[in-house]
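These notes concern the structure reproduced below.
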Amino acid sequence: MPEQLEFFTINSPCRGVCQSDDRGFCRGCLRSRQERFDWMNMNDGQKREVLRLCHQRYLRLRRAANSAAAEPAGPEQPSLF
């Protein structure tokens, strides 16, 4: 099977946030520190793999946020007044 030609470069997913979360992933683009540093030296296949991993991290964060919002809050303390 012939290889498909790539006519466009794969742009960096950077969104300009550049802050790391507690697991070391960027809060803006969800890349690891090493993925951010190596981006310019990666070939297109490696970049696509990083983008796939970022998408998986995004979906995981969305699921966690949805499950946290769906959990009922504990009993509210009645007001003293």
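Taking residues in segment 8-33 that are in a helix (DSSP H, G or I), and partners anywhere that are of a type in the set (S, T, N, Q), the pairs with Cβ atoms closer than 8 Å and at least 6 places apart or on different chains are ARG33/SER20.
Among the residues of segment 52-60, is any part of a loop (DSSP other than H, G, I, E, B) and surrounded by 10 or more Cβ atoms within 10 Å (Cβ to Cβ)? No: zero hits.
Readers should treat all values here as calculations from the given coordinates under stated rules, not as data from a laboratory. Keep in mind that this is a model prediction, so the values were computed, not measured. Don't worry about glycine lacking a Cβ; one is built from the backbone with ideal geometry, like all the others, and counts go over all protein chains shown.
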